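**Student:** A single structure is presented below for examination.
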Amino acid sequence: STGCGSRRTRSPPPKPALTAPRAFPPTRFLVERFAFSALADLSLFPVHRNAPVITTYERPFLGVGAPMLDAAQVAAGARSKSYDLAGAMDDKALGPDAHERRFQDAALKGHEVIALATHGFLAHEVRGVPEPSLMLLLDPDSKDRFDGLLTSREIATLKLDAALVVLSACNTAGADGRPRAETFTGLTQAFFTAGAQTLMASHWPVMSGAAVQLSVATVKGSRVGREPLAFSLQRAMLEARKDGAQSAIESHPSY
């Protein structure tokens, strides 16, 4: 304010009018100025503050891909229940090693990076499952309709020490299903409880192409460029907006 009772105000800068896809590429979004990371829980602050940057990648990588069902498995048999859970899958070859029990029984400790690229479900998204979950392959001999779902409670009992877990699936940063529960209390918190040091998660449904580009580029940037993960993710996002966009609309950060 100034003297004599006058007052000076500062108006916020005008927001860009994003009324057409052609306006997306030249628009500056917050990710162009800042690299982001988030604390799922305040108790993790000392761990993240003192955690070293992943630079060696000397320990092995574990990747788990989405189970794919062929036409016969979709049409009949116990495995068709997995199709019901996912809601939509195509008729590509089945990934025979992506069983839930196989993943739970695997020696998960000792892996530097664990990446799960599969279907993610919010709490109550699958009828009868009140917690978030990831879809793995249903045991062909199982009578349990939910045997192929890796739930947050099951994840929390795993033993791992990965420097990075990549959850390349929809809504993996969501809440745990309790009324008014906060973000990051579901799958994210479960993996931290299991021993993960950092996670890459999503706040909404993901586009498969963008998910591949972001996850691969983030790990590559951290490994080859020796960048902190947050900066590597920022660079991957900017590259996806510029070079990975197949059209103007895909340059919007929602992709």
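Only the coordinates and a few stated rules stand behind these numbers; no lab work does. Please read these numbers as outputs of a predicted model, since none were measured by experiment. All Cβ positions, glycine included, derive from the backbone under ideal geometry; neighbour counts span all protein chains shown.
**Student:** I need the trypsin sites (Lys or Arg not before Pro) found in segment 168-237, filtered to DSSP loop residues with at most 16 other beta carbons within 10 Å of theirs.
**Tutor:** Those that pass, being in a loop and sparsely packed, are Arg180, Arg226.
**Student:** Starting with the highest mean, order 127-134, 155-162 by the number of other Cβ atoms within 10 Å, averaged over the residues of each peptide.
**Tutor:** Top to bottom by mean Cβ count within 10 Å: 127-134, 155-162.
**Student:** Just need the relative contact order of segment 104-147 here, percent rounded to a whole number, with Cα pairs under 8 Å and 6+ apart. If you can, show how the numbers build up before the last one.
**Tutor:** On the way: 27 pairs, mean separation 11.2, N = 44.
Across segment 104-147, relative contact order equals 25 percent.
**Student:** Using 0.36 nm times the number of residues separating Lys220 and His203, minus their current alpha carbon distance, what extension gain do you get?
**Tutor:** That pair, Lys220 and His203, stretches by 3.9 nm at full extension.
**Student:** Taking H as built 1.01 Å from N, whose amide H comes closer than 5 Å to the amide H of Met200, not counting residues under 5 places away?
**Tutor:** Excluding prolines and chain starts, which carry no amide H, the hits are Val165, Val166, Leu167.
**Student:** Put a dot 7 Å past each Cα toward the Cβ at Ala156 and Arg127; how far apart are the dots in nm?
**Tutor:** 2.7
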